[in-house]
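Here is the structure we will look at, set down as structure tokens.
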Amino acid sequence: MKFDNLPKIESLQRLVRYGLPIPATLLVFDCGKQEKEIDAFLRGKKHVSIRADKMNDSQFCPSIPRCPSAKAKSFCRKISKQGFTVILHEYFPLRKGRIACGHVLTLKEHILFELVDRGAVSRLDREGEVEEIIKFRKSDLAEAEHSGKRTASPAALKKIARLVRNIPCFKILDFTLMESGPYFYQIQDDETASRLS
Amino acid sequence: MAKRKVVLKGIIASPGRAQGRVRIVRSPKDLLQARQEDIIVASFLLPDICLAFRKNSRISGIVTEKGGSTCHVAILAREFNVPYVAGARAATKKLKNNSLVCLDAERGVVYEI
């Protein structure tokens, strides 16, 4: 199924195509018809993350990064009525079990990580906080550059570098590294990155 | 050749070189007052400030205290070929408004001229 006009969903689809792990996800196109699926997804979960996507209007979509499961269904209905496609994600706590989160950029010969240790990726996007920058060579995954504090072990980051090594150059991926492993949320093209070495 | 002193070091977010006068930006209003060939110096630039930056083609370079090469501003700067050094700590304190600087975003440094 193609989701060319729903960029966030298309992005998740691309992540899956590249074999990258994403959090457990349910796409809700019709709240009424998918009620049982929603109930099954929410079962046993205290919280979920809710994002939304809309054709030609994906910039300002409603979202609740940490929504109690009991309230999730009504919020889904509400935004679904407004014409949004709902993305339900498994919720990962901002502190408990979280090692780091951030961006990974695939360059021609390197893989560049920009990371924050705890909290949401929005600390990086919206506040410009960067606690660690680490660059691996693509050829042998050796550490080429490092600055800042060590948020995650180089071995854990190297595992992520191995996952993204073969995807095309000049992509920025958002991810969270939990104790259970990495989870990717978004992939974006960034052709301007060809100007970085 | 004028003697150059490195005053700041940071991350190469958008390669290139530029020379100009420092314009410390603390709000979108400050950005709109930028003059030709100003080097914008800020703590961090948010996407709303970027809208002004898109229209303001006179900006010759950017220096921010926070951010990196994957943030929104870095992508925009590369798109518009504006040299940008990110993560230059205390930039808004070390640089003074109207002082003449040279931004070398090929090496991630700012010189005082």
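The values are calculated or read from the model by the stated rules, or taken from the named source; none is laboratory data. Because the structure is a prediction, the values reported are computed rather than measured. FYI the Cβ positions are ideal-geometry reconstructions off the backbone, even for glycines, and counts take in every protein chain you see.
If I ask for residues that are touching a Leu at 6+ places or on another chain (Cβ under 6 Å) and under 18 Å from B:G67 (Cα atoms), which ones from the range A:76-112 would you list?
A:A100, A:G102, A:V104, A:L105, A:L112
Criterion first (in contact (Cβ under 8 Å) with a residue 60 or more places away in the chain, touching a strand residue (DSSP E or B) at 6+ places or on another chain (Cβ under 8 Å), over 25 Å from A:P93 (Cα atoms) and of a type in the set (A, V, I, L, M)) does A:L27 satisfy it?
Working: in contact (Cβ under 8 Å) with a residue 60 or more places away in the chain: yes; touching a strand residue (DSSP E or B) at 6+ places or on another chain (Cβ under 8 Å): yes; over 25 Å from A:P93 (Cα atoms): no; of a type in the set (A, V, I, L, M): yes.
So A:L27 does not fit the description; no.
Could you tell me whether the range A:130-140 includes any residue that is crowded, with 18+ Cβ neighbours inside 10 Å, within 24 Å of A:L88 (Cα to Cα), in contact (Cβ under 8 Å) with a residue 24 or more places away in the chain and out of contact with any Gly (no Cβ under 8 Å at 6 or more places or on another chain)? Lay out the reasoning, then the answer.
So in the range A:130-140, the residues crowded, with 18+ Cβ neighbours inside 10 Å come out as A:130-136, A:138.
Checking which are within 24 Å of A:L88 (Cα to Cα) leaves us with none.
No.
I want to confirm something. Restricting to the range B:79-93 and keeping residues that are of a type in the set (A, V, I, L, M, F, W, C) and under 15 Å from B:E37 (Cβ atoms), which single residue is surrounded by the fewest Cβ atoms within 10 Å (Cβ to Cβ)?
Step one: of the range B:79-93, the residues of a type in the set (A, V, I, L, M, F, W, C) are B:80, B:82, B:85-86, B:88, B:90-91.
Applying the additional criterion that residues be under 15 Å from B:E37 (Cβ atoms) yields B:80, B:82.
Numbers: B:F80: 17, B:V82: 24.
So the residue we want is B:F80.
What are the residues in the range B:75-102 that are among the small types (G, A, S), facing chain A (nearest Cβ under 8 Å) and more than 10 Å from the chain's Cα centre (by Cα), if any?
At the first step, the residues of the range B:75-102 found to be among the small types (G, A, S) are B:77, B:86-88, B:90-91, B:99.
Keeping just the survivors that are facing chain A (nearest Cβ under 8 Å) gives B:86-87.
B:G87 - this is the single residue of the range B:75-102 that is among the small types (G, A, S), facing chain A (nearest Cβ under 8 Å) and more than 10 Å from the chain's Cα centre (by Cα).
Name the residues in the range B:6-39 that are within 14 Å of chain A (Cβ to nearest Cβ) and either at pLDDT 95 or above or within 23 Å of A:I133 (Cβ to Cβ) (or both), would you? Explain how you work it out, then say what you get.
Our first condition is that a residue be within 14 Å of chain A (Cβ to nearest Cβ); within the range B:6-39, this holds for B:9-17, B:25.
Across the range B:6-39, the qualifying residues are B:K9, B:G10, B:I11, B:I12, B:A13, B:S14, B:P15, B:G16, B:R17.
When the residues of the range A:175-189 are filtered to those that are surrounded by fewer than 21 Cβ atoms within 10 Å (Cβ to Cβ) and within 14 Å of chain B (Cβ to nearest Cβ), which remaining residue is nearest to A:R95 (Cα to Cα)?
If we take residues in the range A:175-189 being surrounded by fewer than 21 Cβ atoms within 10 Å (Cβ to Cβ) and within 14 Å of chain B (Cβ to nearest Cβ), then A:Q186 is nearest to A:R95 (Cα to Cα).
Return only the number of the condition from (1) farther than 23 Å from A:R66 by Cβ; (2) assigned to a loop (DSSP other than H, G, I, E, B); (3) away from chain B (no Cβ under 14 Å) that A:V130 does not satisfy.
(3)
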